Amino acid sequence: MPKSNNKSFYAVANGRGPCPAIVRTWDECNEKVHRFPKALFKSFGTHREAEAWLGANYVETASTSNKPYDRPSPAHWSSLGTQHSEPPSHPVAKPKAVPEVQLSDEQEAVLQRVLARGNVFFSGSAGTGKSVLLRAIIQSLREQERNFAVTASTGIAALAVSGCTLHSWAGVGLGKQPVNSYTGRWLKNRQRYERVIQRWRTTEALLIDEISMIDGKFFDKLEEIARIMRHSDLPFGGIQLIICGDMFQLPPVPDRDPRNNQQIPSVFAFEAQTWDMCMGPPVNLTRVFRQKEQGFVDLLNAMRFGNVDEQAVAVFQTLQREVKYEDEIQPTEILSRRDEVEWANNRRLDMLTGETRRYTAQQFAGRNSEGQQITHEQMEKLLEKLVVPKQISLKVGAQVMLVKNLVQGTLVNGSLGIVRDFKTVAEAKEANILIVRPEGDDKKPEVPRSLEKERWPVVQFTNGIQMLAIPQEFTVENADAEMEAQRNQVPLILAWALSVHKAQGQTIERVRVDLKNTFEKGQAYVAISRATTLEGLQVLNFHRSKVMVCERVVEWQNRNEDLALRQRAREWDVIEIDD
Ligand SMILES: Nc1ncnc2c1ncn2[C@@H]1O[C@H](COP(=O)(O)OP(=O)(O)OP(=O)(O)O)[C@@H](O)[C@H]1O
């Protein structure tokens, strides 16, 4: 334990209260980390060393300084996928400061509604500044010292707002079980589930980003859990809901019926039974910031509603050309299917010289919900669904993405980085490189012995943190939340090319979109709307049929617009009478 007096700067990457943080005394450190699951901290002789270990995003207690909480902005991520925008080289440097934007009037109006403590769902097409507004809301709630949670539908979306996934905040794993199996288990084992119970009971405001991918049935479950856990009849147990997203973007991932493997159609959050009770009509942001050319904005708006006329088709035909750049920075490829992304990434890996290291996962078969041991084939089938591959080959210089939340808000599913080296656990410790031990029994030694001999990738993330990527556990659970199959693997994937799923929420200057294998509603729109200019966009394999839109979303949007019009008409009537 780092209690020695000559090391008086404690860097806490994961612990109680605001984290990462630097504190000056062992007592303060202990308060943050004692019995905190997966606590991560280290003592240093100098402030600079502690700071370097954490990167730039840390908070400090009053005993050190008043440095504000300074998380990296997603804009910092936007240039990734290029060869020149790699994270700073060792020793760790701070990320570039990103200037704050001035909120527009419509963004400001939403912020004021949130500060008045109302439930708000704000929407708008891609690039209308929803994420920027969400960050401003977070900042204001922080200044007001409200107890709030920042969540998003997916890991990568959560990364953009420095939050966690809604599933992980709610403590419900995959969220497939009935409500009372969660609440019953938590309330029967209060000590074990103290943290999740506390979260449900004390959270005053819950922020949810990228709502389009949240399933309506899941929303209903959380609404019920909230009422039970908070002993309240109010919608969502009285938690203030601040929700953001565009229903025209990616829909929830559909479930499959285990009996026949058929897809079960997904239900949007706005179709949840409790949605109308919790949320009013959306507030639509209308000003597009990401693209400045009106022609491009109009084209994207038409795509959003599935209206692609002859003129639009002609524009897309011109966008097939290759874009030549004077420097070597290559566009980020956005592709629809996982296997295409895999192929593109492997091609880039082949271009790197240097030793290839190949990591093969350890896999385990567990029991199904009837208590029967599953077969090897069943195990393979279950594990196929995981993002983390069974085998991964890496080289120094490879661009990678973390696929597991390891340090909340700092090293999360979606964090991008570059492989800098391969080291053993002992070498990494010697070099002060962060190691996050696998989950599981807290009594296990820091890093399992079995991992000591191998050399593991050292990844430098865009926030400057270097981490030794040792294998982590990826588990598929049965309906009773027990292990059905498990893969232990280095928690990384190659990331020169991104899937549309992983690109959602990002702004990317140089983009090549290939629509050949587009299969999902909203996919083409999300991919193309990442670009900032028509000049920096190449689109391959465009065809009208690739622009798919969900009719239910269009109908819902039309209903909202109709309601808004009527509302305005009523307001005008009142003005006329007053006059
Ligand atoms: N008020 C503003 N002033 C200037 N620029 C802004 C403003 N709001 C947003 N932007 C810029 O517009 C771009 C898109 O913003 P943002 O990512 O928040 O949009 P979004 O609505 O969340 O997009 P998407 O739905 O595609 O994820 C960013 O580059 C952001 O910095």
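The values are calculated or read from the model by the stated rules, or taken from the named source; none is laboratory data. What you see is a predicted model, and the numbers here were worked out from it, not measured in a lab. Backbone-built Cβ (ideal geometry, glycine too); neighbour counts: all protein chains shown. Side chains are part of the model used for accessible areas, which takes the heavy atoms of the whole protein and leaves out ligands, DNA and RNA. Shrake-Rupley method; radii C 1.70, N 1.55, O 1.52, S 1.80 Å.
Structure values in brief
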{"quantity": "Count of residues meeting criterion [open to solvent by 90 Å² or more (accessible area, probe 1.4 Å) and outside any helix (DSSP H, G or I)] in the stretch 366-404", "calculated": "5"}
{"quantity": "Scan of the stretch 533-573 for residues that are modelled with pLDDT of 90 or more and of a type in the set (Asp, Glu), ordered by number", "calculated": "535, 551, 555"}
{"quantity": "Some residue of the stretch 225-237 being more than 16 Å from the ligand (Cβ to nearest atom), surrounded by fewer than 15 Cβ atoms within 10 Å (Cβ to Cβ), over 30 Å from residue 115 (Cα atoms) and among the hydroxyl-bearing types (Ser, Thr, Tyr)", "calculated": "no"}
{"quantity": "Number of the condition not met by residue 300 [criteria: (1) surrounded by 12 or more Cβ atoms within 10 Å (Cβ to Cβ); (2) within 16 Å of the ligand (Cβ to nearest atom); (3) part of a loop (DSSP other than H, G, I, E, B)]", "calculated": "(3)"}
{"quantity": "So residue 363, is it at pLDDT 90 or above and part of a helix (DSSP H, G or I)", "calculated": "no"}
{"quantity": "In the stretch 496-508, residue nearest to the ligand (Cβ to nearest atom) [restricted to those that are open to solvent by less than 10 Å² (accessible area, probe 1.4 Å) and more than 15 Å from the chain's Cα centre (by Cα)]", "calculated": "508"}
{"quantity": "Residue that is nearest to the ligand (Cβ to nearest atom) [pool: residues in the stretch 280-296 that are more than 25 Å from the chain's Cα centre (by Cα) and either within 18 Å of residue 242 (Cα to Cα) or touching a residue at least 40 places away in the same chain (Cβ under 8 Å) (or both)]", "calculated": "292"}
{"quantity": "Residues satisfying the stated conditions in the stretch 271-297, i.e. among the basic types (Lys, Arg) and open to solvent by less than 20 Å² (accessible area, probe 1.4 Å)", "calculated": "none"}
{"quantity": "Enumeration of residues in the stretch 109-137 that are open to solvent by 40 Å² or more (accessible area, probe 1.4 Å), more than 9 Å from the ligand (Cβ to nearest atom), in a helix (DSSP H, G or I) and not small (Gly, Ala, Ser)", "calculated": "112, 113, 115"}
{"quantity": "Residue identified as in a loop (DSSP other than H, G, I, E, B), modelled with pLDDT under 85, surrounded by fewer than 22 Cβ atoms within 10 Å (Cβ to Cβ) and away from the ligand (no atom under 15 Å from the Cβ) among 145, 100, 86", "calculated": "86"}
{"quantity": "Test: residue 308 is of a type outside the set (Ser, Thr, Tyr), assigned to a helix (DSSP H, G or I) and either buried (at least 19 other Cβ atoms within 10 Å of the Cβ) or within 16 Å of the ligand (Cβ to nearest atom) (or both)", "calculated": "no"}
{"quantity": "Residue tally, condition open to solvent by less than 30 Å² (accessible area, probe 1.4 Å) and not hydrophobic (A, V, I, L, M, F, W, C), over the stretch 172-203", "calculated": "6"}
{"quantity": "Any hit, the stretch 344-360, residues being outside any helix (DSSP H, G or I), touching a Gly at 6+ places or on another chain (Cβ under 8 Å), touching a residue at least 24 places away in the same chain (Cβ under 8 Å) and among the aliphatic types (A, V, I, L, M)", "calculated": "yes"}
{"quantity": "Qualifying residue in the stretch 320-339 (condition: within 17 Å of residue 498 (Cα to Cα), hydrophobic (A, V, I, L, M, F, W, C), more than 16 Å from the ligand (Cβ to nearest atom) and touching a strand residue (DSSP E or B) at 6+ places or on another chain (Cβ under 6 Å))", "calculated": "yes"}
{"quantity": "Hits in the stretch 238-254 - residues which are within 16 Å of the ligand (Cβ to nearest atom) and of a type in the set (A, V, I, L, M, F, W, C)", "calculated": "242, 243, 244, 247, 248, 250"}
{"quantity": "Residues satisfying the stated conditions in the stretch 25-42, i.e. open to solvent by 90 Å² or more (accessible area, probe 1.4 Å) and either at pLDDT 75 or above or touching a Lys or Arg at 6+ places or on another chain (Cβ under 6 Å) (or both)", "calculated": "27, 31"}
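Rundown of residues vs (1) crowded, with 18+ Cβ neighbours inside 10 Å; (2) away from the ligand (no atom under 16 Å from the Cβ), yes/no style:
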site	(1), (2)
515	yes, yes
545	no, yes
553	yes, no
564	no, yes
